[in-house]
Amino acid sequence: MVATVLVVAMAVSLALTALPGDAARLMVGPEATPERYEAAKRALGLDLPWPARFARWLFLALRGDLGQSWRYPGVPVSELILRGLSLTLPLALLVALFSFALGLALGLFSSARFGRFPDLLLSGGTAFFLAVPEFWLGIALIGIFSVRLRFFPSGGFPGWGETRAFVHLVLPLFALGLPRAAYFARLSRATLADLLFQDFVRTARAKGLDERRVLFGHVLRNGLIPCVAALGLTFGRLLGGALVVEQVFSLPGLGKLALEAAFGRDIPLLLGISLVTVAAVVATSTFADLLYALLDPRIRLR
Amino acid sequence: MTRLFWGLVFWGLGFIPVLIGVFWLPWEPTALVARPFLSPSLAHPMGTDWLGRDLLSRVMAGGRASWTIAFLSVAAGGLLGTVLGGIAGLGGEILAEGLLRLFDAVLAFPPVLLALLLAVLLGRGLPGVALALALFNLPYFARLTHAGVLTLKEREFVVAARAAGASTTRVLLRHILPNLASALLVQTTASLSTALLAEASLSYLGLGVQPPEPSWGRMLWEAQGYLFQSPWPAVFPALFLISAVLGLNILGDFLHDYLDPQLRAFILLRPPRDRGRKASTP
């Protein structure tokens, strides 16, 4: 787990070092004296060879210091990332919970009517939402709910202190949440429908339990396991994956920061964001594995 | 079988117009041919965009980049991933462990972030996007092949082939990969549909094809700014994209069930209605 994050950090750092272009020259301008140029190089840590630079970066990163942004001189990268996360983290959490709850409800509804009309209709709907790019869903929601109906703002975020903060997150929540809800619905329908024909369910019915007890007590408990594991992964991936939708709604989150860093060639910021998002994915997938073992007594961790 | 039909129909709706567009387009996609924001009409079946360019021509030409990148990146990622997965499965323990770590590392990257990093390295053009999506697809194929090799390499027919003196390459190519072909084919359809979606997201962000050349994602970005004036530019490029992805997903579903011998028996035996219909047709 740690090894994965380390491999990523090394690869990204090495790749970005190979970049053409000279950050120190960019910083001091073409007419600067050689002394000032050298000083800028030292300040950016560019005078050292790559292994030494990476070792120093890693050492400082472990202490929570990700260096300073090049684009916003003097601002620590960690502060910028925390500022972005203060929007992206709650949004990701909201989306994960919303899509999980909606998807599971739809999946349960579908599997209880397996093969009948409501199930087929829902299957068609989920197939559609899985094929829709989430940024287009965002544009469509803006077109309907802010341009035509004027219910919600089309973008921007006033900050958490404002009372209208949540209103600004409604459309992004749906744009990110609906495709993921469709995914959860299909996943839970497949697992639940599979379980409905198993022997232990037949036994439960045969001993006279009513259908609701069978569904909630026996089938759901077993069918929940893959969904909970997928929930962890969804949440982890959202931190770096909400980027395009953040751009659609011009939300100042981690994704917008990553875009700025990439287009402005802010290497320390880009490195920091990569580290945080990859660590989030790795941590949540490990957590999902642990949860898997906790929920399913048949799985024991080695 | 209905799934095969609908899968092909939806996929064709997103692919065939683009294929025709390679040879023939109703209008020049970058030329200003009419007033801006025209609604659909006979001369311009999808209307015109904010500059007065014909939307149908732009949609037909804009899909070129999407499909090229999707096919190229899946082919490259799939081939390299399959080879690396095979090596991880048949090679030594240290090699396998190292390769698996590498796949995990790539998998942990959100695809858009990967593309952003490569855009910084290679510039904003098509090569960066294609490479990012190839890299993104690689671990899926690699892990699939690796898992398949691990289960197959202890089977009698593989052991027998080795005992008969077949080289590792031969065992992999002649004995193991044919048995994984169906799983790899299903993964290919899934990868194609995610590659299409990812390419659209990236060109929406301004990576990939550069204007004035059209691309579906960039057309949607332009359309978002003019939602007040006309909704059509935001609708039509998306319809083609959604149809293509939907078709690929349905095809993947169908292939997944059809290529699994156990499930295939299930499909053929299960619906008595279908069997009856088939028997009655001469």
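The values are calculated or read from the model by the stated rules, or taken from the named source; none is laboratory data. This is a predicted model, so every value here is computed, not measured. Cβ coordinates were reconstructed from backbone atoms using ideal geometry, including for glycine residues, and neighbour counts include every protein chain displayed. Only protein heavy atoms, including side chains, enter the accessible area calculation; ligands, DNA and RNA are left aside. Shrake-Rupley method; radii C 1.70, N 1.55, O 1.52, S 1.80 Å.
Here are some notes:
- Each 10 Å bin from 0 upward holds the following percent of the Cα-Cα pairs of segment B:104-227: 12, 31, 24, 18, 11, 4, 1.
- Expressed as a fraction of 2.2 N^0.38 Å, the value expected for a compact globular protein of N residues, the C-alpha radius of gyration of segment A:189-302 is 1.56.
- Listed by chain and number, the aspartates and glutamates whose alpha-carbon sits under 17 Å from that of A:Lys256, ignoring those within fewer than 8 places in the same chain, are A:Glu79, A:Glu134, A:Glu246, A:Asp266.
- Under the Karplus curve 6.51 cos²θ - 1.76 cosθ + 1.60, θ = phi - 60°, whole-Hz ³J(HN,Hα) for segment B:116-129, x wherever Gly or Pro sits: 4, 4, 5, 5, 5, 6, 10, x, 7, x, 5, x, x, 5
- Between the C-alpha center of segment A:121-175 and that of segment B:140-178 there is a gap of 48 Å.
- Label-point separation, A:Arg221 to B:Leu42 (7 Å along Cα→Cβ), nm: 6.9 nm
- For segment A:131-157, heavy-atom accessible area (probe 1.4 Å) falls by no less than 30 Å² from the chain alone to the full protein assembly at A:Ala131, A:Pro133, A:Phe135, A:Trp136, A:Ile139, A:Val147, A:Arg148.
- For chain A, the Cβ-based charge dipole about the Cα centre amounts to some 900 debye (Lys, Arg positive; Asp, Glu negative; other atoms uncharged).
- Against the criterion of solvent-accessible heavy-atom surface with a 1.4 angstrom probe, B:Leu131, A:Leu87, B:Leu107 sort, most first, into B:Leu131, B:Leu107, A:Leu87.
- Size of electric dipole in chain B: Cβ of Lys, Arg +1 and of Asp, Glu -1, about Cα centre, debye, nearest 20: 680 debye
- Rounded to the nearest 10 Å², the accessible area of B:Phe236 at probe 1.4 Å: 30 Å²
- Applying a DSSP loop filter and a limit of 12 other Cβ atoms within 10 Å to the trypsin sites (Lys or Arg not before Pro) in segment A:81-173 leaves A:Arg116, A:Arg150, A:Arg164.
- Potential extension, B:Phe23-B:Leu79 segment - 0.36 nm per residue separation minus Cα distance: 17.2 nm
- With the convex hull constructed from alpha-carbon coordinates only, the protein assembly as shown shows a mean projected area of 34.8 nm² over all directions.
- Between A:Arg265 and A:Ala32, the simple spin-label model (points 7 angstrom out along Cα→Cβ) gives 1.4 nm.
- If R0 is taken as 30 Å, the Cβ-Cβ distance between A:Ala55 and A:Val75 corresponds to a FRET efficiency of 0.80.
- Here B:Arg170 and A:Leu291 are evaluated by their C-beta separation; at R0 = 35 Å the FRET efficiency comes out at 0.20.
- Taking the charge dipole of segment B:106-192 about its Cα centre, with +1 at Lys and Arg Cβ atoms and -1 at Asp and Glu Cβ atoms, the residue from B:Val106, B:Thr151, B:Leu121 reaching farthest to the positive side is B:Thr151.
- Chain A, accessible area per residue, ligands and nucleic acids excluded (1.4 Å, Å²): 50 Å²
- What the phi angles of segment A:249-266 give under the Karplus curve with 6.51, -1.76 and 1.60, with θ = phi - 60°, is a coupling list of 9, 5, 8, x, x, 5, x, 5, 4, 5, 4, 4, 5, 5, 6, x, 6, 8 Hz, glycine and proline written as x.
- Descending principal axes extents, chain A, alpha-carbon based, whole Å: 88, 56, 33
- Percent accessible area from carbon and sulfur atoms, the protein assembly as shown, protein chains only, probe 1.4 Å: 67 percent
- Ordered by solvent-accessible area of protein heavy atoms (1.4 Å probe), largest first, the residues B:Trp11, A:Trp57 come out as B:Trp11, A:Trp57.
- Scanning chain A for GluC sites (Glu not before Pro) that sit in a DSSP loop and have at most 14 other Cβ atoms within 10 Å, the longest stretch containing none of them is A:163-302.
- A crude spin-label estimate for the pair A:Ala190 and B:Thr2, with each label 7 Å from Cα along the Cβ direction, gives 2.1 nm.
- Value of D in µm² per second that Stokes-Einstein yields for chain B, Kirkwood Rh from Cα pairs, at 10 °C (1.306 mPa s): 75 µm²/s
- Cα centroid separation, segment B:220-240 to segment B:19-63 (Å): 13 Å
- Largest to smallest accessible area among B:Tyr204, A:Tyr183, A:Tyr37 [probe 1.4 Å]: A:Tyr183, A:Tyr37, B:Tyr204
- Projected-area average for segment A:160-252 over all orientations - Cα convex hull basis, square nanometres: 7.9 nm²
- Solvent-accessible area buried by pairing A with B, both sides, nearest 100 square angstrom, 1.4 angstrom probe: 3400 Å²
- FRET efficiency estimate (nearest 0.05) - Cβ-Cβ, B:Val9 to A:Ala101, R0 41 angstrom: 0.75
- Between B:Gly85, B:Leu131, B:Leu51, the Cα set farthest toward the positive side of the dipole of segment B:1-147 (charges on each charged residue's Cβ, about the Cα centre) is that of B:Leu51.
- Net dipole in debye of the protein assembly as shown [+1 Lys, Arg Cβ; -1 Asp, Glu Cβ; about Cα centre; nearest 20]: 1460 debye
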